[in-house]
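The values are calculated or read from the model by the stated rules, or taken from the named source; none is laboratory data. Note that the structure is predicted; figures quoted are calculated from it, not measured. Cβ placement follows ideal geometry from the backbone for every residue including glycine, while neighbour counts extend to all protein chains displayed.
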Amino acid sequence: MRRFSSGRAAGGRAFLVCLWALLLGACATLPRPSAPDGAPARAELEFFTLEARFALRHDERSYSGLLSWRHLPARDEMFLASPLGQGMAEIVSDADGARLTGRDGKVHAAADVAALTEQVLGFPLPLERLSAWVLGRSGGAGSLLADAQGRPSSLAEDGWLIGYEYADDNPQALPIRLLVERPGTLELRLRIDEWGQGRAQARGLGDE
């Protein structure tokens, strides 16, 4: 969540350096977590909150940090923090477009999250599809495979591959791990520590 041409504004470069300075970290293999306490059933969710750890790899570079996300039918709020919990950026996406606010208060705006991340990072991230993928649903015309309990085990969609891992055999369990990848280009791993029904507000930059 990079490549800047020589023509990109210095402010954009400085923001990216600031954003990833604290998020920088190697993608590591983590022990299998237990199921999040009080997690709602997957089939019941139309909106949600989640708390997760992420690891992103692009262009042979690796980044890691914390994600607090609230997904509503017409709005997404994402709070990104360093591995130690220091807030670095907020992303809000709604009918008015997508906006990223840095810790310094500077705001970047675009028509959608893919355009926003390409503007700021130098490459697009499929965050708008991720709200469907994280629930094991296709964001378009994807091909979904189920495990022995009938839960999503893998999904292929428009060149993206998504893999799922669960803590137990509950047929309605929500995933505790996701692997989202475009082979040879980008890999995003999520380890989800907590699921919620989506009514609570996501953390903000002042909530550390």
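Only residues that are assigned to a loop (DSSP other than H, G, I, E, B) and of a type in the set (S, T, N, Q): list them for region 80-132, please. Of everything in region 80-132, those that are assigned to a loop (DSSP other than H, G, I, E, B) and of a type in the set (S, T, N, Q) turn out to be Ser82, Gln86.
Hey, any hits in region 78-91 for a residue that's surrounded by 20 or more Cβ atoms within 10 Å (Cβ to Cβ), within 19 Å of Ala132 (Cβ to Cβ), at pLDDT 70 or above and within 15 Å of the chain's Cα centre (by Cα)? Within region 78-91, one or more residues are surrounded by 20 or more Cβ atoms within 10 Å (Cβ to Cβ), within 19 Å of Ala132 (Cβ to Cβ), at pLDDT 70 or above and within 15 Å of the chain's Cα centre (by Cα). Within region 145-160, the set of residues being of a type outside the set (S, T, N, Q) and surrounded by 15 or more Cβ atoms within 10 Å (Cβ to Cβ) comprises Arg151, Pro152, Leu155, Glu157, Trp160. Evaluate the following for Ala110: is it of a type outside the set (S, T, N, Q), touching a helix residue (DSSP H, G or I) at 6+ places or on another chain (Cβ under 6 Å) and more than 13 Å from Leu178 (Cβ to Cβ)? Here the answer is yes, as Ala110 does meet what is asked.
Can you tell me which residues in region 126-170 are under 24 Å from Ser93 (Cα atoms), among the small types (Gly, Ala, Ser) and touching a Pro at 6+ places or on another chain (Cβ under 9 Å)? Within region 126-170, Gly136, Gly139, Gly159 qualify.
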